[in-house]
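**Q** Here it is: the structure, laid out below.
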Amino acid sequence: MNEHILKICYAENARLPTEKAHGYQIMKTCEALAKQGLDVTLVHADRKNPLAGKDPFEHYGVEKTFKISKLPVWDILTDAPSFLWSFAFVIGRWSFTRSLKRWMKSRIECDVLYTRDPVVAQAFVESGTKKPIFLELHDSPLSNQGRWNRVKDKISGFIVITKGLKDLLISQGIPEEKICLSMDAFDPGEFVGLPDKAEARRRLKLDDGKIVFVYTGHLFPWKGIDSIASGFDKIPEGSEFVIVGGNLEDLERVKKLVPSGAKNVRFTGRMPHAEALLWLAAADAAVLPTSAKFEIGRLYTSPIKLFEYLAAGLPVIASDVPSAHEVLDESMGIFFSPDDAGSFADALGKFVGYPDEVKKGISEACRKCSGSFTWEKRGEMISAFIKSNIR
């Protein structure tokens with residue numbers, strides 16, 4: 001007798017593809033679950049999109065191992081003036097959950113419902129479904145206590161990306177057996193074709209003699225670039241700090257914080273993921289400057305960039321916050337005081353002063369650590385957790 005293939009419906013109020021990191025994370029999670037033999041359908045909002053016309057699978061380099069379905073929504077956010085953004089967002093969210101509830105009535109073959117959005121989890125609950133619901137958390141769900149109280153006891157299992165989130169759920173009375181700690185990950189296949197450092201620098205027109213530090217990703221304040229920008233004039237001579245990513249608005253904000261005398265810092269702006277990986281191949285070390293002023297960064301973040309840094313064998317110059325210590329220790333880089341530009345500059349100087357054999361040892365420790373954080377292993381873990389928690 002053939003074993004039943006578990007059918008999972010992953011729903012998210014997001015446009016795909018998107019320039020934001022959650023789109024990549026959602027697609028890679030669906031791919032990882034599908035590779036475990038699960039029948040996955042990803043359902044998302046059909047909203048106006050500057051990347052319209054691009055196939056999400058091709059955009060993210062993801063295998064077509066699962067299905068994607070778009071739901072109609074009232075999309076007034078794109079064209080709304082800034083003072084109406086909050087209202088427009090609420091309308092769009094309500095419209096998506098309404099479409100989702102209607103869609104669910106026709107999807108009786110789904111065995112499991114999955115989301116990383118507490119609002120979508122609430123829509124699942126309100127639909128009256130008897131199917132098990134799994135909620136993946138990337139931040140505290142307590143920002144809306146009423147919603148959390150209505151949803152938490154109806155969830156079959158929680159997938160969390162940090163121990164900080166696991167501890168939070170346990171403090172809320174969630175049994176430990178209903179929590180799966182599964183951090184974010186990287187794709188080893190994306191690193192197979194990368195050139196060596198010399199070739200990467202040739203392509204990027206980088207000076208071979210310089211020590212290159214790199215940051216990749218968004219420039220939201222909680223990511224921490226804002227809090228160290230005032231120290232960019234103290235970046236050691238003979239080195240360069242390259243900041244890869246950031247939308248125009250965030251770039252303009254951060255650049256205003258940089259001292260006028262800073263000459264060893266470069267902003268590239270946003271670029272495709274594959275091009276950002278080329279910068280990792282060219283770098284000597286990477287920067288993870290997470291701000292401690294924001295709970296999400298201090299306790300709950302599991303940045304994909306960190307696992308890519310490790311996979312590239314880059315020592316990490318990291319803000320000394322609990323979320324970073326869930327992955328890193330002193331063998332993999334240097335910690336600096338969070339939100340302290342002077343401490344950050346000192347950490348760069350300390351790395352510059354390391355002998356080559358010390359840098360090589362740190363690089364090897366990073367690569368070794370990265371092996372525990374692949375999308376495949378994440379898929380295995382989540383798949384096993386779902387199967388063990390279906391009632």
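We did not get these values from a lab; they are worked out from the coordinates using the rules stated. Please read all numbers here as calculations on a predicted model, not as lab measurements. Here the Cβ positions follow ideal geometry from the backbone for every residue, glycine too, while neighbour counts run over all protein chains shown.
**Q** Helix 273-282: angle to the longest alpha-carbon principal axis of the chain, degrees 0 to 90, nearest 10?
**A** 30 degrees
**Q** List the pair-distance distribution P(r) of segment 96-238, using every Cα-Cα distance, as the percent of pairs falling in each 5 Å bin from 0 up to the bin containing the longest distance, rounded to whole percents.
**A** In whole percents, the pair-distance histogram is 2, 7, 13, 14, 12, 11, 10, 8, 7, 7, 6, 2, 0.
**Q** Put +1 on the Cβ of every Lys and Arg and -1 on every Asp and Glu Cβ in the chain; which of L248, I386, V327 then has its Cα farthest towards the positive end of the dipole?
**A** I386
**Q** Now, a different point. What number, in percent, do you get for the relative contact order of the chain if the mean sequence gap of Cα pairs under 8 Å and at least 6 apart is divided by its residue count?
**A** 15 percent
**Q** Based only on other Cβ atoms within 10 Å, what is the fewest-to-most ordering of H4, H44?
**A** H4, H44
**Q** Is segment 189-370 best put as rounded, prolate or oblate by its Cα gyration tensor, with a ≥ b ≥ c the root eigenvalues, rounded for a/c under 1.5, and otherwise prolate when a/b is larger than b/c, oblate when not?
**A** Rounded is the answer for segment 189-370, as its axis ratio a/c remains below 1.5.
**Q** Also, quick follow-up: What is the gain in length, in nm to one decimal, between K210 and K7 on full extension, counting 0.36 nm per residue of separation less the C-alpha to C-alpha distance?
**A** 67.9 nm is the gain from fully extending K210 to K7.
**Q** Now for a separate question. For Rg and Dmax of the Cα atoms in Å, the choices are [x] 28.2, 120; [y] 20.5, 65; [z] 21.6, 72; which was calculated from the structure?
**A** [z]
**Q** Between L38, L142, L165, find the one with the highest GNM mean-square fluctuation for the chain; connect C-alpha pairs within less than 10 Å.
**A** L142
**Q** Over the chain, with a Gaussian network built from C-alpha contacts below 10 Å, which listed residue (W279, W222, W103) shows the highest mean-square fluctuation?
**A** With Cα springs under 10 Å in the chain, the top fluctuation among W279, W222, W103 is at W103.
**Q** Compute the label zone of K293 within segment 312-351: residues whose backbone N is under 20 Å from the point 7 Å along Cα-to-Cβ.
**A** What the label zone holds, given the 20 Å backbone N cut-off, is 318-324, 336-346.
**Q** How many nm is it between the label spots at S343 and H325, if each spot is 7 Å from the Cα in line with the beta carbon?
**A** That separation, rounded to one decimal, is 1.2 nm.
**Q** What trypsin sites (Lys or Arg not before Pro) does segment 289-327 have in DSSP loop regions with at most 16 other beta carbons within 10 Å?
**A** Taking segment 289-327 and a limit of 16 other Cβ atoms within 10 Å, the loop trypsin sites (Lys or Arg not before Pro) found are K293.
**Q** Let me ask something else about it. From the cross-link list K28/K130; K48/K70; K210/K359; K28/K54; K131/K152, which pairs have alpha carbons spaced over 19 Å apart?
**A** Going by Cα-Cα distance, K28/K130 fall outside the 19 Å limit.
**Q** Might you list the cysteines of the chain that have no disulfide-compatible partner by the rule of another cysteine's Cβ under 4.7 Å?
**A** C30, C180, C366, C369 - these cysteines have no disulfide-compatible partner (Cβ-Cβ under 4.7 Å) in the chain.
**Q** Helix 356-370 versus the longest principal axis of the chain: what angle, 0 to 90°, nearest 10, using Cα atoms?
**A** Helix 356-370 sits roughly 0 degrees off the main axis of the chain.
**Q** Same structure again: Cut-off is 10 Å between beta-carbons; in what order do D250, D196 appear when sorted fewest neighbours first?
**A** With the sparsest Cβ surroundings first, the list reads D196, D250.
**Q** Something else: With 10 angstrom as the radius, rank S82, S383 by how many other C-beta atoms surround their C-beta, starting from the fewest.
**A** Least crowded to most crowded, the residues run S82, S383.
**Q** Give me the aspartates and glutamates in straight-line cross-link reach of K7: C-alpha distance below 20 Å, same-chain residues under 8 apart excluded.
**A** Of all the aspartates and glutamates, those that pass the test against K7 - Cα under 20 Å, at least 8 places apart if same chain - are E31, D39, E63, E109, D111, D117, E136, E376, E380.
**Q** Now for a separate question. How much mean residue ellipticity at 222 nm does the chain get from its helices, if each DSSP H run of length 4 or more adds -39500 (n - 2.57) and you divide by all residues, to the nearest 500 deg cm²/dmol?
**A** Rounded to the nearest 500, it is -11000 deg cm²/dmol.
**Q** Top mean-square fluctuation among G61, G209, G217, Gaussian network model of the chain, C-alpha springs under 10 Å?
**A** Result: G209 has the largest fluctuation of those listed.
**Q** Near L84, within a Cβ-to-Cβ distance under 15 Å, what is the net charge of the other residues, with Lys and Arg +1 and Asp and Glu -1?
**A** Counting the neighbours of L84, the net charge comes to -1.
**Q** Then there's this: Of K64/K101; K35/K105; K256/K350; K64/K293, which sit over 31 Å apart, Cα to Cα?
**A** The answer is K64/K293.
**Q** Something else: Segment 122-192: which trypsin sites (Lys or Arg not before Pro) are DSSP loop and have at most 15 other beta-carbon atoms within 10 angstrom?
**A** K130
**Q** Please report the antiparallel percentage of DSSP beta bridges with both residues in segment 227-323, rounded to the nearest 5.
**A** 10 percent
**Q** Return the FRET efficiency for the residue pair K70, K20: r is the Cβ-Cβ distance, R0 is 22 Å, and the value is rounded to the nearest 0.05.
**A** The calculated FRET efficiency here is 0.80.
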